[in-house]
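Before any comments, here is the structure.
The values are calculated or read from the model by the stated rules, or taken from the named source; none is laboratory data. Note that the coordinates shown come from a computational prediction; the quantities given were computed from them, not determined experimentally. FYI the Cβ positions are ideal-geometry reconstructions off the backbone, even for glycines, and counts take in every protein chain you see. To get the accessible areas, we keep the full protein, side chains included, count just its heavy atoms, and leave off ligands, DNA and RNA. Shrake-Rupley method; radii C 1.70, N 1.55, O 1.52, S 1.80 Å.
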Amino acid sequence: MAHPSQLGLQDAASPVMEELLHFHDHTMMIMASIGTLVTYAMVMAVFSNLTDKYILESHQIETMWTIVPAMVLVVIALPSLRILYIMDEINDPHLTVKAMGHQWYWSYEYTDYEDLTFDAYMIPTQDLTPGQFRLLETDHRVVLPMQSPIRVLVSAEDVLHSWSVPALGVKMDAVPGRLNQTSFIASRPGVFYGQCSEICGANHSFMPIVVETVPLEHFESWSSLMLEDA
């Protein structure tokens, strides 16, 4: 999860997020190089008294500063399109979870099971136990098997919400009357936190998301217990 004074993104917990981190670093290096070059050119233009009519009236320079930015955009666009293709809908998910946004909590339904549903409310500050995170913990976690393709169907009952878990590289708007879809594969076990990242009302920041990824046999035990309690 994020921590104070963090400069970069959260550590990746899925292959898609790893690709997004690499693309972020790739783009930032290009932007830093462009910024350095432009700053140097501006400083030299201000403090240098030397002029050359062949530079000031050069068609070759105009040609270069048209072609080079176009090439830079291509260098950025190609890996971006590749990631978009990777993030496309999944063909054969092992598990499907439906996340429904409400004011202000999330409801979850495991559609592959007959009666496995629950609501996830934020735990009030006064009820937190040592080690839990304020404004991020929920009374029910979304437990999912690791190293399995997971499809998440996202919608809302009242207003716009957004189901977002940064460490998994997942962010999907929840629109009333519309069923959106996203997918991911958790590459390691852990507990990953997210929040509604849409300005959905007064308590917009108080509907957190907690995803816990576990080995498959632990997930099967958890689902059996949940079905027995239901």
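Compactness of the stretch 29-141 was expressed as the Cα radius of gyration divided by 2.2 N^0.38 Å, which yields 2.09. With R₀ set to 25 Å, the beta-carbon distance separating residue 132 from residue 87 gives a calculated FRET efficiency near 0.20. Nonpolar atom fraction for the chain, defined as the carbon and sulfur part of the 1.4 Å probe accessible area, stands at 60 percent. In order along the stretch 86-100, the Karplus-derived 3J(HN,Hα) couplings, from 6.51 cos²θ - 1.76 cosθ + 1.60 at θ = phi - 60°, round to 5, 7, 5, 4, 8, 8, 9, x, 7, 8, 10, 10, 9, 10, 10 Hz, and Gly and Pro are given as x. Karplus-based coupling profile of the stretch 159-169, in residue order and whole Hz: 10, 5, 10, 8, 8, 9, 10, x, 5, 9, x, with θ = phi - 60° in 6.51 cos²θ - 1.76 cosθ + 1.60 and x standing for Gly or Pro.
Derived from the Cα gyration tensor, the three semi-axes of the equivalent ellipsoid of the chain are 46, 20, 17 Å, largest first. Comparing 110, 121, 40 in a Gaussian network model of the chain, where Cα atoms under 10 Å apart are tied by springs, the biggest mean-square fluctuation is seen for 40. Expressed per residue, the C-alpha convex hull volume of the stretch 95-229 stands at 106 Å³.
For the stretch 39-118, GluC sites (Glu not before Pro) meeting the loop criterion (DSSP other than H, G, I, E, B) and having at most 12 other Cβ atoms within 10 Å: 57, 89, 114. Given +1 at the Cβ of Lys and Arg, -1 at the Cβ of Asp and Glu and no other charges, the dipole of the stretch 15-88 around its Cα centre is 160 debye to the nearest 20.
Summarising the label geometry, the points placed 7 Å from Cα in the beta-carbon direction at residue 47 and residue 147 lie 5.7 nm from one another. Structural descriptor for the chain: relative contact order 21 percent, calculated from alpha carbon pairs under 8 angstrom and at least 6 residues apart. Counting only the backbone N, which residues of the stretch 19-52 are under 14 Å from the spot 7 Å out from the Cα of residue 72 toward its beta-carbon? Backbone N within reach: 27-42. Over the stretch 15-88, the alpha carbon radius of gyration divided by the compact-protein estimate 2.2 N^0.38 Å works out to 1.54. Comparing 59, 218, 26 in a Gaussian network model of the chain, where Cα atoms under 10 Å apart are tied by springs, the biggest mean-square fluctuation is seen for 59.
The phi torsions of the stretch 181-193, fed into the Karplus equation with coefficients 6.51, -1.76 and 1.60 and a -60° offset, translate into couplings of 9, 9, 8, 6, 10, 6, 8, 8, x, x, 10, 10, 10 Hz, rounded to whole numbers, with Gly and Pro shown as x.
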